[in-house]
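Heads up, the thing below is written out as structure tokens.
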Amino acid sequence: MSAAVAAAAVVALSPLSQASAAAPADIGHVACYGGALSVQFNPGITFARKIVQLSANGNMGICTSTSHPKITGGTIQFQASLPAQCPGPYGPGYAKATINWNDGSKTVIDQTTFRGDAQSFSLEGGSIANGSFAGGTARANVRTTSNLTELGAGCVLGGVTSYDATIDQFAVGDI
């Protein structure tokens, strides 16, 4: 009898435990293209490898999402502390990003991996702990739009303290 009661309890509770865990298909995703970023470094990046504070902010460009159709754009801010030197590499290191979507929702990405150099950088992985797309990850490819000759001169003349970039692709969620 006690085996039958235990089996009934397992069957009765099974749907509850499955419903509480978000399946990747429930997370949804968004992909953005063509955004613009302003990236700053403190201290400036020189030929000597050192830890720098990176901060960036800008817009996400044009975004599409079948699971969140009202999201068509947004703004992003992120920061990282990472080793860097001219002309690269910048990182690897971890970045934290906050995206404020145009529909009023927010996504916070903790510890996404940052890798880059003077010409481009990428963000990969991380954990979306709360907000839209919670439980998902992130992936981005960003390209420098600043003049590379001027960036090279900055390496020699006190350090590169900033550059502009464009978002080739930024994907968030169940990617």
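The values are calculated or read from the model by the stated rules, or taken from the named source; none is laboratory data. Quick caveat: nothing in here was measured; it's all calculated off a predicted structure. Neighbour counts run over all protein chains shown; Cβ positions are idealised from the backbone, glycine included. All accessible areas refer to the heavy atoms of the entire protein, side chains included, with ligands and DNA or RNA removed. Shrake-Rupley method; radii C 1.70, N 1.55, O 1.52, S 1.80 Å.
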*Label points 7 Å out from Cα along the Cβ direction at residue 66 and residue 161: separation in nm?*
4.8
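Would you kindly state how much longer the chain becomes between residue 105 and residue 75 on full extension, computed as 0.36 nm times their sequence separation minus their alpha carbon distance, in nm to one decimal?
Working: separation 30, 0.36 × 30 = 10.80 nm, distance 1.11 nm.
Stretched fully, the residue 105-residue 75 segment lengthens by 9.7 nm.
What part of the accessible area of the chain, given as a whole %, is carbon or sulfur when the probe is 1.4 angstrom? All intermediate terms of the calculation are to be shown ahead of the outcome.
Details: 5080 of 8920 Å².
Using a 1.4 Å probe with all protein chains present, the chain comes out at 57 percent carbon and sulfur.
Using just the alpha carbons, could you tell me how many Å³ per residue the convex hull of the stretch 116-175 encloses?
On the way: hull volume 5.4 nm³, N = 60.
Dividing the Cα hull volume of the stretch 116-175 by its residues yields 90 Å³.
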*asked:* Keeping every protein chain present and rolling a 1.4 Å probe, give me the accessible area per residue for the chain in Å².
replied: 51
*Please list 43-49, 126-132, 94-100 highest first by mean number of surrounding beta-carbon atoms within 10 Å per residue.*
94-100, 126-132, 43-49
_Going Cα to Cα from residue 106, which lysines come in below 23 Å? Please leave out same-chain ones fewer than 8 positions away._
70, 96
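Take the Cα atoms of the chain, build their convex hull, and give its volume per residue in Å³. Kindly include the intermediate steps, with their values, before the conclusion.
Working: hull volume 19.7 nm³, N = 175.
So the per-residue Cα hull volume is 113 Å³.
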*Mind checking the log10 I(q)/I(0) for the stretch 62-148 at q = 0.17, 0.24, 0.25 Å⁻¹? Debye, one equal scatterer per Cα, no solvent, two decimals.*
-0.74, -1.19, -1.24
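Can you show me the helix-derived [θ] at 222 nm for the chain, built from DSSP H runs with n ≥ 4 at -39,500 (n - 2.57) apiece and divided by the number of residues, rounded to the nearest 500.
On the way: 3 runs with 32 residues, N = 175.
My calculation for the chain gives -5500 deg cm²/dmol from helical runs alone.
What size of dipole, in debye to the nearest 20, comes out for the chain about its Cα centre when the only charges are +1 on Lys and Arg C-beta atoms and -1 on Asp and Glu C-beta atoms?
Values: 8 positive and 9 negative charges, 48 e Å.
Dipole magnitude for the chain comes out near 220 debye.
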